[in-house]
1. Compute from the Cα atoms of the stretch 352-479 the Rg and the Dmax, the latter being the longest Cα-Cα distance, and quote both in angstrom.
2. What's the local net charge at residue 404, with K and R +1, D and E -1, over the other residues with C-beta under 9 Å away?
3. What does the extension gain come out to for residue 88 and residue 370, with contour length at 0.36 nm per residue minus their alpha carbon separation?
4. Can you tell me the FRET efficiency between residue 227 and residue 424 if r is taken as the Cβ-Cβ distance and R0 is 25 Å, rounded to the nearest 0.05?
5. How far, in nm, would the chain grow between residue 444 and residue 147 when pulled straight, counting 0.36 nm per residue and subtracting the alpha carbon separation?
6. What does the charge count near residue 442 come to, summing +1 for each Lys or Arg and -1 for each Asp or Glu among other residues with Cβ under 12 Å from its Cβ?
7. Which FRET efficiency, nearest 0.05, do residue 358 and residue 408 yield, Cβ-Cβ r, R0 51 Å?
8. Using DSSP to define loop residues, name the GluC sites (Glu not before Pro) in the stretch 163-202 whose beta-carbon has at most 11 other beta-carbon atoms within 10 Å.
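Values quoted throughout were computed directly from the atomic coordinates according to the rules given, and no laboratory measurement underlies them. This one's a predicted model, so the numbers in the text were calculated from it and none came from an experiment. Ideal geometry is used to build each Cβ from the backbone, glycine not excepted, and the neighbour counts take in all protein chains shown.
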Amino acid sequence: MPLRPDFSQQSKLKRQTAKSGLLGVVVFGLAGCVSTPPSKLGELDAEVPTEWSSRSEQQVAFEASSWMKDFEDPKLESILAEAMEYNYDLKRAGARLDAALAGTRFNRSELYPSVILSGNGSESRRSSASGINQTPTNKSYGLNARMTWEIDLWGKVRNGYKGDLADGEAAVADYEAARLSIAAQVAKAWYSAIEANQQYELEVRTLEALTESSRIIEENFANGIARALDVRLIRANVASSRSALENRRRNRDASIRSLEVLLGRYPKKEIDVVSEFPDLKASIPVGLPSELLLRRPDIVAAERRLAAAEQRKFEKSKARLPNVNLSLSRGTSAKDFQDIFELMDNRIWSKSLSVAQTVFRGGRLKADYQRAIATYEQNVANYSDTVLTAFREVENALSNQDSFAVDYEALKVAASESIEAEKLAWEEYSSGLTGITTVLDSVRRAINSQRAFILVANRRIQSRIDLYLALGGGFETES
């Protein structure tokens, strides 16, 4: 199957966007003018695989609905809705979309005649130097309507407008891509803040436990049971834990502030993050590679720009053909102002048809056409690269899902066993069976394994978000 699908029916500006007010009016008007693009749009070398290499089981159709439901996180849904309304990157993307669609509507006017209505009036009188002999006042009033229209005999104007329309469709897809990107950034920032908070809480518990252990060891030292070395080592660990706690606090606060900026808020560190990660489904249906071409907005945008470049190539190829212009004029002329509205008695009209053929422009038209061909070839390469990049992102995300699932389960066991080993080490130390060095080593292992488990839990979720983004998954927020 070739890389490029037929977008003649699919791409009629029906991409879901949050700017429903704008697109409900503008896009509906544009969609009615979409024409089927030419069937031959360039042969692309790469082929679409029939299945993903990183997923061997049956590939059920991907549901491009709200991927937020997978996380079952009401707080995430709430902040995503806030980001869709207040995020400034998305506001910029919306303004770019407005400008692109306005440009499309502006260029559409070239398809229609231009009508100009004008009126005029004058009074004149001659007199001698003495002012005695004066001629009667001459009055003249007129009303005129003039229509000019370039008859699109060769389809050149239509080619130009189809190119503009395809660019407008690409702009809509760009906006949808921006929405998905912002949604992914917000979701990642939310779960990164949860990870930072969990790391902070782990360090709080660690410091509390080490502080209590230090108190007990110092009491034992005072009673002649513990050694001075034990006291020094536990104090060093308490101090290190206190420093680590401040580092975790800074990371947590910075994560929350980053999230607040994405929501368009002042970074005051006011968001309360939850303490637990959501449970993820073991796997999600990913569909077929061919479906990706119709779903990912960046691919749709690249395809539409390719279609626009092709239409402009056709437009430039017709630049040497004659321009045919029709001009019609009708009006009235009268000596009294009220008579200019008597169309039957005072009418003046004219009509003309002109044909203009460019003979010589110093090679400009040929160079312009060659530039259009080069631009088209550039867009062919860009489309192919966009598709292959999308496939790579999906394959990597699928592979990472399996890899992080293994990591998650392994580190879950490692954290549990390390915690139990720490408990045993303290029991043996209290019984005099082992030294403080072994205990502190077990403490360090337990802390590191728990840190690693928290980290991989977040990375597993981040990878799931990457997979949804790579698959072009959509989402809905409460308006």
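1. Taking only Cα atoms of the stretch 352-479, I get Rg and Dmax of 31.5, 113 Å.
2. Once all neighbours under 9 Å are counted, the net charge is +1.
3. Extra length from residue 88 to residue 370 when fully extended: 97.6 nm.
4. 0.75
5. Between residue 444 and residue 147, full extension yields an extra 98.3 nm.
6. Net charge around residue 442: -3.
7. For residue 358 and residue 408, the calculated efficiency is 0.15.
8. Within the stretch 163-202, no GluC sites (Glu not before Pro) qualify (loop, at most 11 other Cβ atoms within 10 Å).
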